[in-house]
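Quick notes on the structure that follows.
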Amino acid sequence: KSTEIISQIELVKKYVFEKEPFLDPSLTIQELSKQVNIPVRDLSILINHHMNKHFFDFINDYRITKAMSILENPKEKELTILEILYSVGFNSKSSFNTAFKKHSILTPAEYRKKVLSEK
């Protein structure tokens, strides 16, 4: 991969990690492209071909990581799974559960139970 592509990947990942645009449930690739100042077509190629992901899988990875950190936090154990999934940018419990299981093999409830019991 060219250094330009690598630096663009880094830029996009850093932006998404730090600014958390994924918390907006209606985030689109068009919106993200404006935010990172990369044309939509280029951003699409970057995510699809150079990160081997679809846009929503790329975004959902960040949402799931954020959800996991909430589920791992004993101070947040009063939050329901529903409250958590909405707070990280998901619109539906089924898409959240599907993405979560793809990421961690466990359901969000199983994951919370497991990590909190280990603390």
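The values are calculated or read from the model by the stated rules, or taken from the named source; none is laboratory data. Small disclaimer: the values here were computed from a predicted structure and weren't measured. Don't worry about glycine lacking a Cβ; one is built from the backbone with ideal geometry, like all the others, and counts go over all protein chains shown. For accessibility, only protein heavy atoms count, side chains too; no ligands or nucleic acids. Shrake-Rupley method; radii C 1.70, N 1.55, O 1.52, S 1.80 Å.
Which residue, of ILE47, ILE105, ILE6, is more than 30 Å from SER117 (Cα to Cα), among the hydrophobic types (A, V, I, L, M, F, W, C) and at pLDDT below 95?
On inspection, the qualifying residue turns out to be ILE6.
Quick one: ASN73 ticks every box in (1) within 23 Å of GLU118 (Cα to Cα); (2) within 11 Å of the chain's Cα centre (by Cα); (3) of a type in the set (S, T, N, Q) except a single one, so which number is it?
(2)
If you take the residues in the range 1-52 that are among the acidic types (Asp, Glu) and either open to solvent by 80 Å² or more (accessible area, probe 1.4 Å) or in a helix (DSSP H, G or I) (or both), which one is farthest from SER87 (Cα to Cα)?
Across the range 1-52, the extreme among qualifying residues is GLU4.
Filter the range 53-68 down to the residues that are in a loop (DSSP other than H, G, I, E, B) and over 15 Å from THR28 (Cβ atoms) and list them by number. Don't jump to the end; show me each part of the working.
Just the residues of the range 53-68 that are in a loop (DSSP other than H, G, I, E, B), to begin with: 53-54.
LYS53 - this is the single residue of the range 53-68 that is in a loop (DSSP other than H, G, I, E, B) and over 15 Å from THR28 (Cβ atoms).
Please find, within the range 1-33, the residue that is farthest from LEU46 (Cα to Cα) out of those that are without any contact (Cβ under 8 Å) to a residue 12 or more places away in the chain and of a type outside the set (Ser, Thr, Tyr).
Checking each candidate, the answer is GLU18.
Any idea which of GLU83, GLU78 is open to solvent by 50 Å² or more (accessible area, probe 1.4 Å), among the charged types (D, E, K, R), within 28 Å of LYS119 (Cα to Cα) and in a loop (DSSP other than H, G, I, E, B)?
So the residue among GLU83, GLU78 that is open to solvent by 50 Å² or more (accessible area, probe 1.4 Å), among the charged types (D, E, K, R), within 28 Å of LYS119 (Cα to Cα) and in a loop (DSSP other than H, G, I, E, B) is GLU78.
Can you run down the residue pairs with Cβ atoms below 7 Å, 6 or more apart or on separate chains, where the first is in the range 97-119 and more than 15 Å from THR65 (Cβ to Cβ) and the partner is charged (D, E, K, R)?
Correct list of pairs: THR107/LYS101; LEU116/LYS77.
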